[in-house]
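Below is one structure, written out as structure tokens; the observations come after it.
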Amino acid sequence: MQKEEQIRWRRFGNELRRLREQAGMTQRQLAGKIGLSHGMVGGIERATRKPQSDQADICDTVLDTGGTLRRIWQELNNQRYVPEWFKDVLLLEQRATEVREYEPTTIPGLLQTAAYARTLIRARRPTATAEEVEETVKSRTGRLSAVLENEKRPLLWFIVHEAVLSRTVGDETIMRKQLDYIAGLVEDGTIRLQVLPATPTSADPGAPFRLMTLTDTQSAAYVEHVLGGEIFERPDKVNELTTLFGALQAEALPVLASIELIRKINGERYGDVG
């Protein structure tokens, strides 16, 4: 296993060791119960051997973890296809009690359907293999579930520019299903979303950004650009973006009016009259 891979899978190995010891088992005892060699279990715990998904599942069953190891396995496996500059953002996102995001060009990554995400990824990574594209799609579309698995469901509040809804990504079928998916997330209370109308006096900064509240006293901001993005933790920078988000909220349509607009655009442009 390469050094980078070993470092990444160390988290899984440490958690497996903790859960095994908590259950009062030796490595040899666990190996006998899950059908692996003693050396293989030791290798996984030391992160010199990468576990397979079915091995994570059977360890969860034997150690009665409630799926902890499987969730860690999925997260670490998906991170293989996440750019280095975005990995810290994902960790903050998963720890956050509140996520507020503004997006002026595309549907926010947390809310993208597989077909919508696949279209963008293929366009932005023309040299990627089909496998790499699909793994990246899986990683992106699994982010919302990962965030919602937190013990306390975080507040997820999005503002999107009206142009995002009218920009066809892929084809009409992809857009119809994407907008219907977003409307459903709002209507079932999973997220709050407002649409910023296209007006000459709009506070639109022209760049995507998000605010993540981690604790009562700690917040972080993330601003995207064409080559990646940058995390800001200084209070003055976070406060500046918080004020900007508030201005965008004030200009945006209320949630119910936003849903009505999404449904209207979906019907008129993409044929969804349901």
Checked the stretch 188-208 for anything under 20 Å from the mean Cα position of the chain (by Cα) and within 19 Å of residue 155 (Cβ to Cβ); matches are 188, 189, 190, 191, 192, 193, 194, 208
Taking the stretch 105-130 and the residues there that are in contact with a strand residue (DSSP E or B) (Cβ under 8 Å, 6 or more places away or on another chain) and under 18 Å from residue 191 (Cα atoms), the one that is surrounded by the most Cβ atoms within 10 Å (Cβ to Cβ) would be 111
In the stretch 120-174, residues that are under 20 Å from residue 94 (Cα atoms), of a type in the set (D, E, K, R) and touching a Pro at 6+ places or on another chain (Cβ under 8 Å) total 0
If you go through the stretch 186-193 one residue at a time, do you hit one that is over 17 Å from residue 255 (Cβ atoms) and either free of Cβ contacts under 8 Å to residues at least 24 places away in the same chain or touching a Leu at 6+ places or on another chain (Cβ under 7 Å) (or both)? no
Is it the case, given these coordinates, that residue 242 is β-branched (Val, Ile, Thr), assigned to a helix (DSSP H, G or I) and surrounded by 14 or more Cβ atoms within 10 Å (Cβ to Cβ)? yes
By residue number, the members of the stretch 194-217 that are touching a residue at least 12 places away in the same chain (Cβ under 8 Å), of a type outside the set (Ser, Thr, Tyr) and more than 29 Å from residue 261 (Cα to Cα) are 214
request  = Evaluate the stretch 131-140: report whether one residue or more is over 25 Å from residue 96 (Cα atoms) and touching a helix residue (DSSP H, G or I) at 6+ places or on another chain (Cβ under 7 Å).
outcome  = yes
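Every residue, every condition in (1) in a helix (DSSP H, G or I); (2) over 15 Å from the mean Cα position of the chain (by Cα); (3) not aromatic (Phe, Trp, Tyr), yes or no:
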| site | (1), (2), (3) |
| --- | --- |
| 110 | yes, no, yes |
| 116 | yes, no, no |
| 120 | yes, yes, yes |
| 123 | yes, yes, yes |
| 126 | no, yes, yes |
| 131 | yes, yes, yes |
| 135 | yes, no, yes |
| 138 | yes, no, yes |
| 145 | yes, no, yes |
Picking from 258, 219, the residue that is small (Gly, Ala, Ser), at pLDDT 95 or above and surrounded by 15 or more Cβ atoms within 10 Å (Cβ to Cβ) would be 258
Considering residues that are surrounded by fewer than 17 Cβ atoms within 10 Å (Cβ to Cβ) and touching a residue at least 24 places away in the same chain (Cβ under 8 Å), the number found within the stretch 222-239 is 2
Only one of 100, 167 is surrounded by fewer than 21 Cβ atoms within 10 Å (Cβ to Cβ), charged (D, E, K, R), within 17 Å of residue 208 (Cα to Cα) and out of contact with any Cys (no Cβ under 7 Å at 6 or more places or on another chain), namely 167
When restricted to 207, 220, the only residue within 29 Å of residue 124 (Cβ to Cβ), in contact with a strand residue (DSSP E or B) (Cβ under 9 Å, 6 or more places away or on another chain) and assigned to a loop (DSSP other than H, G, I, E, B) is 207
Test: residue in the stretch 165-180 that is in contact with a Phe, Trp or Tyr (Cβ under 9 Å, 6 or more places away or on another chain), in contact (Cβ under 8 Å) with a residue 40 or more places away in the chain and on the phi > 0 side of the Ramachandran plot: yes
Filtering the stretch 101-146 for residues that are under 17 Å from residue 183 (Cβ atoms) and at pLDDT below 90 leaves a count of 1
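The values are calculated or read from the model by the stated rules, or taken from the named source; none is laboratory data. Here the structure is a predicted model, which is why all the values come from computation and not from measurement. Here Cβ is always computed from backbone atoms with ideal geometry, including for glycine, and neighbour counts include all displayed protein chains.
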